[in-house]
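Input: a single structure, listed below in structure tokens.
Rule-based calculations on the coordinates, nothing more; no lab input. The model shown is predicted, which means the values in this text are computed figures rather than measured ones. Please note: Cβ atoms are built from the backbone with ideal geometry, for glycine as well, and neighbour counts cover all protein chains shown.
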Amino acid sequence: MLKPLPASRWNYATAAHLLNRAGFGGTPAEIDKLVALGPDKAVDSLVNFESISDSTPNPEWAKADPERFAKYKTMREATPEQKQEMRRQEQREQRKEIEDLRQWWLQRMATGPRPLQEKLVLFWHGHFATGAQKVKDAFLMFKQNEVFRRDGAGDWLTLLTSVSKDPAMLLWLDQAQSRKQHPNENFAREVMELFALGEGNYTEQDITEAARAFTGWSYDRLNQEFIYRRNQHDEGAKTIFGKTGNFSGDDVLKMIVAHPQAAPFIARKLWTFFANENPSDQLVTALATGFRSSRLQFKPLLRAMFLSEEFYSPEVMRQQVKSPVHWLVSSVRMLERELPPAQLAANALRQLGQDLLLPPNVKGWDGGLSWITTSNLLNRYNYAGYLVLGENPMNPPKNFGKKKRARLRPANSIDVAKLFPEDVRKDKKLLAAAVQKRLLHGELKTEHQSTLRAYLDAQGELDDLDVLHALRLVMCTPEFQLC
């Protein structure tokens, strides 16, 4: 298993597949660069992202608030009516900052220099699903996002520990409220069931005893950071995974990552996200074995995955339904256009089924075919029209019915001259091939190719508006929903 892909199989299609899965797709020029590098160097260029400079500034508000204590004091001394108004104002500010954070992150995905780093942040956000609706602090959501960015490609224990002590997680799973007199089991349960081991690999006693070990892990609201409250920690002996001792929370996390099922669990989750669902037990065993041999470091695991023949098999290539985030970001990248404005981008993701920073529950999003419903698919088609034409696709341009010579492309549409040279835009056969290469990195199925050609043949002499509608037409095919 995991035999490296032969160099003879490295081509435009395999390079495009790598960029789609280890990032968010790209332009033909970006894919050609990967082709020229060869498989090893192409994978390394994505995996070793720390060597690439990233000077993206943080959101202006993303910092500790020096006036936090003064605000709390003012709140305590306020009248009930004043408190209500202060809370409303705080809620408005938090909604705006969450919108800013979402757009900031989407911009990093769309234009940042480290696509795999941002793809990993997206994976860990879904894995350690934490929602702003309960955390209610955009700065804490930003801090967690940065934890994923900083530790997401490092070693498993470091990441799991960082997330476990992350203020947003402490609030999300009620760990900040856990006391030795009343241990809260929410975090202890989820760290075993959802984050690191999976169902069936622990007992209820393991959860109860681990919850005791995590007591004392709390949240300092004034400084917005993790704090260990020793007087709230249960110092008694605990029995976890058959071992007895005065275990701390850090001890429990070490025991969890050392569990025989820990490596297969997270290896399976990563393969499912980056490659395909339901990997064979043999493949998972091979991935887990390599993961253990690298001392639970994620980079060697990712590199082995991205270089393996299995990763480029027919069962994997162009068989994954794009998540709404991937659909939006990859569309922007392939069309070489800017992201939609923050509110529109947020509405699009919500209507497509992935409200970023607001996962539906502690399990995150189901993914796969759950992204495709009748409503969600129609929304994809409508937003495809917006991304290409720059206007509501349900309202045709005012000059839509005019004669060819009088038609103009919509003012806010993409610039097709950036995507295709003039000779390609005027030649129906060349244009059909170029549109498919840019959007699909391959070809449409025969029946959909016939539809595209029929549309182009019906237009007479092509103009830029015809090119725009050809792009939109391909974006509304089943093939475009896959990567």
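Observations on the model:
- Shape of the range 1-140, Cα gyration tensor, a/c cut at 1.5: prolate
- With a Förster radius of 30 Å applied to the C-beta separation of Leu2 and Lys254, the computed FRET efficiency comes to 0.65.
- Rounded Å value of the spacing that divides the Cα centres of the range 70-103 and the range 116-137: 23 Å
- The label point for Asn48 and the one for Leu482, both projected 7 Å from the Cα toward the Cβ, are 3.5 nm apart.
- Efficiency of FRET from Cβ geometry, Ser293 and Glu422, R₀ 56 Å, rounded to 0.05: 0.55
- Once backbone amide H atoms are built at 1.01 Å from N, Ser308 has Leu5 as its partners under 5 Å, excluding neighbours fewer than 5 places away on the same chain.
- In plain terms, the C-alpha convex hull of the range 324-481 casts an average shadow of 9.8 nm² when viewed from every direction.
- Using a cutoff of 8 angstrom between alpha carbon atoms and counting only pairs six or more residues apart, the relative contact order for the range 8-258 works out to 14 percent.
- Mean residue ellipticity (222 nm) of the chain, computed from DSSP H runs ≥ 4 via -39,500 (n - 2.57), nearest 500: -16500 deg cm²/dmol
- Cross-link pairs exceeding 26 Å between alpha carbons, from the set Lys63/Lys254; Lys269/Lys322; Lys71/Lys180; Lys165/Lys322; Lys143/Lys180; Lys254/Lys299: Lys63/Lys254; Lys71/Lys180; Lys165/Lys322; Lys143/Lys180.
- Fewest-first sequence of Thr130, Thr208 by Cβ atoms within 10 Å of each Cβ: Thr208, Thr130
- Listing Met334, Met141, Met255 from fewest to most neighbouring C-beta atoms within 10 Å gives Met255, Met334, Met141.
- Asp366 versus Lys63: modelled label distance in nm, points set 7 Å from Cα along the beta carbon direction: 4.4 nm
- Each Cα pair under 8 Å and six or more residues apart adds its sequence gap; the mean of these over the residue count of the chain is a relative contact order of 18 percent.
- Cα gyration tensor shape of the range 8-258, rounded if a/c is under 1.5, else prolate or oblate by comparing a/b with b/c: oblate
- Whole-Hz couplings from phi, Karplus 6.51/-1.76/1.60, listed for the range 177-189; x for Gly and Pro: 9, 6, 10, 4, 6, 9, x, 8, 8, 4, 5, 4, 5
- Annotation for the range 164-205 versus the range 293-344: alpha-carbon center distance of 30 Å.
- Under DSSP loop assignment and at most 12 Cβ neighbours within 10 Å, longest GluC sites (Glu not before Pro)-free interval of the chain: 68-198
- With R₀ set to 51 Å, the beta-carbon distance separating Glu90 from Ala36 gives a calculated FRET efficiency near 0.45.
- Contact order normalised by residue count of the range 324-481, Cα under 8 Å, 6+ apart, percent: 22 percent
- Going from the residue with the fewest nearby Cβ atoms within 10 Å to the one with the most, Tyr455, Tyr312 rank Tyr455, Tyr312.
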